[in-house]
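Novice: Have a look at this one before I ask anything.
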Amino acid sequence: MEEINQILQYFPRSVREQITTRINEQLAQYIEEIRIRNNKPIILKIAQEQMIINYNIQKEEINEIFQRICENSIYSYQKQISEGYITIRGGHRIGITGSAVIENDKVINLNYISSLNIRIAREKKESSKEIIQEIINFKENTIYNTLIVSPPGGGKTTLLRDIIRKISNGIEEINFKAKVVGVVDERGEIAAMYKGIPQNDIGMMTDVINNIGKAKGMKLLIRSMSPQVITCDEIGNKEDVEAINIAMCAGIKGIFTAHGGSIEEVKKNRELQSLLQDQLIEKIILLDKNQKGKIKSIYKLISE
């Protein structure tokens, strides 16, 4: 219930009561999203189901929630708003839609907020217990350059977060020494930085740069923090691949995620295909779309 209470404090009492009177502590731990739309019912996503709360949110209530999550300083959050989300204390991410303000072909703000999608952040420590065995190169006490692939909602970000924590802290039971990890957290979903403090446990030797594109972020981390391992979520374009190439050539290991339901879908992405052809990626781990966070298959691109 703790995570839900962190969210509910931003809601007006009228909205808060509509939710709290319909859920109990047991149900609260399974809520993944709270969706709020102007003049529409509240919808709670619970696993694969939707709970509809027949209370139509008013424009004034959405505006009040929005002001609160921006701590009454919308200007301070304008960059995040222009990207379509805000990360709040606790690491919860709030997606935002409204009327886009465009300048030089770029979104610089959102006005007339119409929808909020609150994604509940929950750490799942030890969720990477199975996959970490495939990522670590035990012979050399390092890791394989790894690409974790799943469709959206397949659990890859949750796994990546726990992998980072383990690699950064070291794993005593298998004599794996801690590594300096650099994280590019473009959308705030891995470390969930809040005013410079990670809201998630990402380990003692992890450096995070957030609110920056993956390619630029990787280059900055390489120059400034000398990571042994670099990680980021959902790679896929030319600039990402170029930055990964720079990191690999500098002897830095990497763990990345990408969208895809099969190895064939990964190969259809021209940029990702170049990573595979050049053997910069050593292992691809495909997650099971029917079992969140579980391995479906592993593809080794190098001989051991």
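What follows is calculated from the coordinates using simple rules that are stated; it is not laboratory data. In this text the structure is predicted, and so the values were computed from the model without any measurement. Here the Cβ positions follow ideal geometry from the backbone for every residue, glycine too, while neighbour counts run over all protein chains shown.
Novice: By the scheme Lys and Arg +1, Asp and Glu -1, what is the net charge of all other residues having a beta-carbon under 13 Å from that of Ser224? Don't skip to the end; give the middle numbers.
Specialist: Numbers: positive: Lys216, Lys219, Arg223; negative: Asp207.
It works out to a net charge of +2.
Novice: Whole Å is fine, so just give me how far the alpha carbon centre of the stretch 33-65 lies from that of the stretch 133-211.
Specialist: One Cα centre to the other: 33 Å.
Novice: Holding the Cα-Cα limit at 24 Å, pick out from Lys125/Lys219; Lys179/Lys283; Lys79/Lys214; Lys156/Lys253; Lys219/Lys289; Lys124/Lys216 the pairs that are longer than that. Could you put the intermediate results ahead of the total?
Specialist: Numbers: Lys125/Lys219 29 Å; Lys179/Lys283 19 Å; Lys79/Lys214 16 Å; Lys156/Lys253 18 Å; Lys219/Lys289 32 Å; Lys124/Lys216 29 Å.
Flagged as over cut-off: Lys125/Lys219; Lys219/Lys289; Lys124/Lys216.
Novice: May I ask for the angle, rounded to the nearest 10°, between helix 59-69 and the longest principal axis of the chain, with both axes built from Cα atoms and the value confined to 0 to 90°?
Specialist: So the helix axis and the longest Cα principal axis differ by about 40 degrees.
Novice: Which net charge results when you count Lys and Arg as +1 and Asp and Glu as -1 among the other residues whose beta-carbon is under 15 Å from that of Ile190?
Specialist: That sum, taken over residues with Cβ under 15 Å, equals +2.
Novice: A further question follows. Report the Stokes-Einstein translational diffusion coefficient (µm² s⁻¹, integer) for the chain, Rh taken as the Kirkwood radius over Cα pairs, at 37 °C with viscosity 0.692 mPa s.
Specialist: 160 µm²/s
Novice: Under 15 Å from the Cα of Lys129, which aspartates and glutamates turn up, not counting those fewer than eight places away in the same chain?
Specialist: Cα-Cα hits under 15 Å: Asp162, Glu172, Glu173.
Novice: Apply the a/c threshold of 1.5 to the C-alpha gyration tensor of the stretch 132-300 and tell me whether it is rounded, prolate or oblate. Could the numbers behind the result be given before it?
Specialist: Numbers: a/c = 1.26, a/b = 1.17, b/c = 1.08.
Note, shape of the stretch 132-300 comes out rounded.
Novice: Counting alpha carbon pairs within less than 8 Å and at least 6 residues apart, what relative contact order, in whole percent, applies to the chain?
Specialist: Value for the chain: 15 percent.
Novice: Further question: How high is the relative contact order of the stretch 127-178, given as a whole-number percent (alpha carbon pairs under 8 Å, six or more residues apart)?
Specialist: 32 percent
Novice: What does the highest-first list of 62-71, 168-177, 199-208 look like by mean Cβ count within 10 Å?
Specialist: Output ranking for 62-71, 168-177, 199-208: 199-208, 62-71, 168-177.
Novice: Tell me the mean residue ellipticity at 222 nm calculated for the chain from its helices only (DSSP H runs of n ≥ 4, each -39500 (n - 2.57), averaged over every residue, nearest 500).
Specialist: -8500 deg cm²/dmol
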